[in-house]
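For reference, the structure discussed in these notes is given below.
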Amino acid sequence: MSYPLSHKTVVVLDHSPHFLAPSCQQVEFDIFTKAHQPGIIPLAPITKSLWTTVVEATMEYCRIVWDIYPSGKLIRFVVSDTEAHCLNTWSQQGQNLGYLLEALADIGVPSQPRKKDECSIMHGLTAAIKALCECSEVQHEKRTSLTENAGSVVNRGRVLCISSVKSESHVRTLEKCFLEALNEHNKLAAGSDNLMPVHQCEFTLILTFPIPTSEESTIHPIQRRELSPVLTTEVYMSKAGRFLAATLCYLVQRHFNLASTTVTGIPMKEEQNAKSSANYDVELLHPVGAHSEFFKTGFANTEGAHVKTVKEGLEYDSVILKWCTPRPSTVDLQYCTAAHRITPVEVNSRPSSCLTNFLLSDRAVMLELPRKSGSRLLSHMLVSHGGEIYIHTLATSRSILEDPPSISEGSGGRVTDYRINDFGEFMKDHRLAPFKSELADGELPLEKAKNRLSRQTLYWPMVISHTTIFNMTPPLEPLLSLLKKETLTTDEVIDCKKVIYNLIGMESKGTPLPMPVLGTRGKGPKREEQYRILWKELETYIRAYCTTAEHHNILDCLLDCRKPSPDSDSTIPSNGAKVSVVTTSTGTRKAEKGFVKEEKLEAGKTGNGEVGWKERVSQFSDVDIHEDGGNSFKVPPAKKIRLGLQDDRGRFSGSQSLLTLWTNRVNAEHSKRHREFSGRIAAGSGPALLYQNLNSDQNNQDDRHVIAQKNINISGFVKGNASHMTYIKEEPQDFAARFMPCPDGEDIQNG
Amino acid sequence: MPTVLLLDVSLSMCRPVLQPDIAEPYQLRNLAVHGLNSLLDFINQHCKLEFCSLIIFSSSCEILSPFTRDLESVKKALLNIDFYDKTCIETALGSTKNAVLEEWGGSVPCQIILVTDGSTGIGPNSLKQRLQDIGTKTKETEQRFPLPFPFPSKLHVVCLSNPKDSNLQVSIPLYQKLIDMNGGNGQVFVPEGNLNLKTVQQMFLKLAETYYRPFHGTLHCGNLNCNISLSPPPEACEKINDFDSRKVEMSTDILICGFLDINQASNPPALSRHLVLPIPPQSLKEEGKAVMMKQDIDASDDDAVVGNDEGKQPSFCVLLHGSLKVEGMVALCHLGEDWYGMLCSWADSKKKSNLMLSTFEPGLEVVPWLGKFTQIGPASLLPELSKSVTENSFPIKLAEKRSYAQNCVVWIRQMALQADIQKILRHARKLPDKTQNFYKELNKLRRGALAFGFYELLDGMAIILERECTLLPGSAHPDAALQLTHAASALRSQVYRDYNSSIKPLCTKFSSGD
């Protein structure tokens, strides 16, 4: 916590009739008729009053501060005549030029009071001290916060007073009164809950006077000195008009720790002659940090890059940097060590506004540090972000990261088949954006983004040779993308199932999988093998994303549809949906359940229920006639099924009896009219088991063991990185349903 | 961070070390070389990319080895050291400062290891005397003294001296004072037990283990992850703001939050930069899992045996790097409490590119054009309607414009005022086409004059407008004269001395009514 002095500034303006006096700076404002109309005499120049020049100069001071520090640097205005008028408060809403200009217009120029003596700058100074004792928003927040630092908030501030006094003794009296008032108010504030004593105050007094003056010699500027541990003062003398503005421009740099950069050699087209271009300089102000590297290394001194700028008698340093004509958009990331806001010193001069408009149109300009050796060194960059112009400090010295090892030399560097493009798409899907408000569920947007990433990477193979499903996405969409969603609608479930049926169709037709040929493998695995791998991975994928009942629905569908693999075929003959239900005793509950649900969904989709299903039933019977032809105790050869599958709507048909179809259809119709308990859905058609997870841990372990040994298709799912794999918790009875012949099978049929 | 080895080569380093059981005693300098060698070996093994430099000092200084990653060459340089007169630590620190500034500039953190025998010199240039001089606060001495270094640094003092040596007891507070003057980062090292090869080596290794600890962590992108090391290792850092301060430390879990285009990130300033080097999963357990997984997915695969060759194991870092490079994007990362950074593909001037982590300053709102980090969320969750609106993407647009973007009134220079008047007259001559612009500029001038209390300008402007009216050519639109006269009288009217009541165009039968 630095609690800087610059957090609070009170500007006190003398509004006494004395400031009505002309500043004696003449303004030629009627210069345009001369060229046009020779006969006309231009209007006489007008003169700004002292008041006008004071307001102009202080507004410029504020403009610079608020351009560079949009928040955290607070300035209050107090206008002092017969009493003090506060123009704004510490609250942020009054901290802008528009607000102040309006308030100043309301106050107007000083008026001739009845008695001149009633006016005193002390009214304003007292009000300023009072203002310093008031907490700013952030001070209040820190003071009332429950952190350990709450009690140690330090209240520092500055009073900047522009006035005009006649003698040095007057100045001393003012300082003395100021100190007394400060001590007085600190005592008051110490006994108050809302106010804070001022721990450190800087009192800057600027005495201004009309340009040709005799008063000049009587008072001398007074160097900074300490009047008390709490108060330091300094006194500046300044002629009015642009001299006063220059003084304040100098002070704003000191008060807010700013530095100046002069951009030199900016090519600009002449207004009159568009062909020729001349070079211009623009001076910018920014926090001193933008040049810290120069000051540390002493670079500026040795290379002669910084110059003394003398303006209206005040001297300060400005670093000269050369404009580099910008190259067409390079999207490289520059190594920037700092970025600071800037503001031009002469905001509305033509060169300044040309430069700022150029930058505001989203073009960046590199700045070069001129060096005696003649070598080019890009040291800074000017660029705008969202309507604000910044100066970026570029790193100029040797990098400790030079000559790094290439990523291809490290771990994983020799793998050549990363899914670079797929991950590119993934990144685009996870682009970030600013959120104005919190999300509806109260979660922070950033947390949401992290959670989304977790969900979307539950199964994400990194290399092409470790995946089949992502090498053949077209036939698998929309299943792949839909499954990643946290919730699925009925329609989406149907879409996913369609994909599965489609795959079965492809498999039974013997369509080769649209996979890229992998060089390392020679011919690659046979087609059946490819499908086996595909099914296995697809199952892993679905299991990975299986979170809701709808997701489970799809998983069940897949499991039902899976063609048993050759080895499991011999050991467990009736595993999977392809087994005809007519062969009864080995029918599985799972298959049954899946089918029922499927019917339900299909019916729901056709919408006009009755006609739809009647038609379908007739089709099913056709299919069955085909398939049951004398072969009902064996799994029908795959080719035969395909005939039925050609038909668009019959694509899910296995070999099933008419009775089964009929029962299913009726069940489906019934189930359309009510919603099943989720417990019962999970349990299939048997009695719903309570506390089913109770013994699951142990079972799981056993199961896993079995799986690993036998290499059975029901695999765990891969979570995250390919190198880490965890098994999802399987509910024991699921395994039972899938692997064991189900004694209840007939009951279902009969019921 | 680069290291400067600052070795005392004063004559006193040639003192023998008396050891009871060894006939031919070592000299202090042998111990120093032995210790430094073990330190260099440690760095070579654990922090391959570190730079080291060897500077020897007595009453003068010499750079024996400039900053290099070739630590063997530094070791070689240690073999051929001559010994000179007396110890002068101030000179040594001064040379170090210049060497570092010249090589790395003012923002790269460095470690300076001062190896000495525990005597701090004699005479007016002895450390004791110099520190006393600074205590008396003459400005000159203070400016000349090289501490604190202008770059972030850690200063260690390694004493080759018996811990009970009375000379050392006097010196240690002085060394500590040096470290404190430099910001307090660093440590005085003294051998534990009597001075011999073993204790010296232990002392150097203790330093190495404390201050050259490599950083190992995990990079996460959801469930994808990768073991990484960061080079150079990240430092804990404290950022002091106006009203709070933040101390942050890099978490071993670096979380990717999402992705941005490079131009959306717009060159945010980096506090530090680190190479992200993937390291292969070490533990057997993980390897075992990987094997199982592969068999599972691809059981028929002939080469199911996963080789131990680390280059062949896929690494998420490599995938991420490739995609970031191809797509021109960066990944926003959460590095620890209230500390964020970004990952990008970075190439040195040569072709070799690598994954790099740039850390931002600690805090939630340190890159103004990205806004508050916790308010950044997935773009896909934005309502469909507002997606196209530029407000909902980076950079964040300002609610209020800065002075240079809003045509503000500054008349300090006479030219600026003249330009504003000229603008009004230019529009005046194109009345009625430019009626709206004319009144807009006129009101801007009027408000400026009112705020500044510059009423003379209003009268002057009124006169100019009236004169413009008389100068209108015959071909002028009749509305022009009417508007000019109206504007002139309005400027004089008390009604329009109110800041907020704008002068509006006169409704004439020529004007279109709006």
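Just so it is clear, none of the values below were taken in a lab; they were calculated from the coordinates. Not measured: the values here are computed from a predicted model. Using ideal geometry, Cβ is built from the backbone for each residue, glycine included, and neighbour counts are taken over all protein chains shown.
Numbers below:
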{"read-out": "Segment residue A:169-residue A:674, extension gain: residue separation times 0.36 nm, minus the distance between their alpha carbons", "value": "172.0 nm"}
{"read-out": "10 Å Cβ neighbours from other chains, averaged over peptide A:1-12", "value": "2"}
{"read-out": "At R0 = 41 Å, FRET efficiency that the Cβ-Cβ distance of residue B:263 and residue A:28 yields, to 0.05", "value": "0.30"}
{"read-out": "Over 22 Å between alpha carbons, listed pairs A:142/A:296; A:275/B:401; A:450/A:485; A:509/A:536; B:397/B:440; B:423/B:504", "value": "A:142/A:296; A:275/B:401; B:397/B:440"}
{"read-out": "Over chain B: helical MRE at 222 nm, DSSP H runs n ≥ 4 each giving -39500 (n - 2.57), nearest 500", "value": "-11500 deg cm²/dmol"}
{"read-out": "Modelled FRET efficiency - R0 41 Å, residue A:528 with residue A:421, Cβ distances, 0.05 increments", "value": "0.90"}
{"read-out": "Cα gyration tensor shape for region B:50-113, rounded if a/c is under 1.5, else prolate or oblate", "value": "oblate"}
{"read-out": "Proximal charge balance of residue B:120 [Cβ under 13 Å; K/R count +1, D/E count -1]", "value": "0"}
{"read-out": "Cβ-derived FRET efficiency at R0 51 Å, residue A:375 paired with residue A:112, nearest 0.05", "value": "0.20"}
{"read-out": "Inter-label distance, nm, simple model (7 Å from Cα along the C-beta direction), residue A:362/residue B:492", "value": "5.1 nm"}
{"read-out": "Spacing of the two label points (7 Å from each Cα toward its C-beta) at residue B:80 and residue B:129, in nm", "value": "3.5 nm"}
{"read-out": "Computed Kirkwood radius, in angstrom, where 1/r is averaged over Cα pairs of chain B", "value": "29.6 Å"}
{"read-out": "Gain on full stretching of the segment that runs from residue B:485 to residue B:241 - 0.36 nm per residue minus C-alpha separation", "value": "82.2 nm"}
{"read-out": "Hull volume in cubic angstrom per residue (convex hull over the Cα atoms of region B:405-497)", "value": "97 Å³"}
{"read-out": "Cα extents of region A:364-484 along the three principal axes, largest first (Å)", "value": "65, 45, 24"}
{"read-out": "Counted charge near residue B:84, where neighbours are those whose Cβ lies closer than 11 Å (Asp, Glu -1; Lys, Arg +1)", "value": "-3"}
{"read-out": "Region B:350-478: mean projected area of Cα convex hull, nm²", "value": "16.9 nm²"}
{"read-out": "Distance in nm between pseudo-label sites at residue A:234 and residue B:48 (7 Å out along the Cβ direction from Cα)", "value": "5.5 nm"}
{"read-out": "Per-residue mean of C-beta atoms belonging to partner chains within 10 Å, peptide B:100-107", "value": "6"}
{"read-out": "Fully extended contour minus Cα-Cα distance, from residue B:70 to residue B:202, at 0.36 nm per residue", "value": "45.2 nm"}
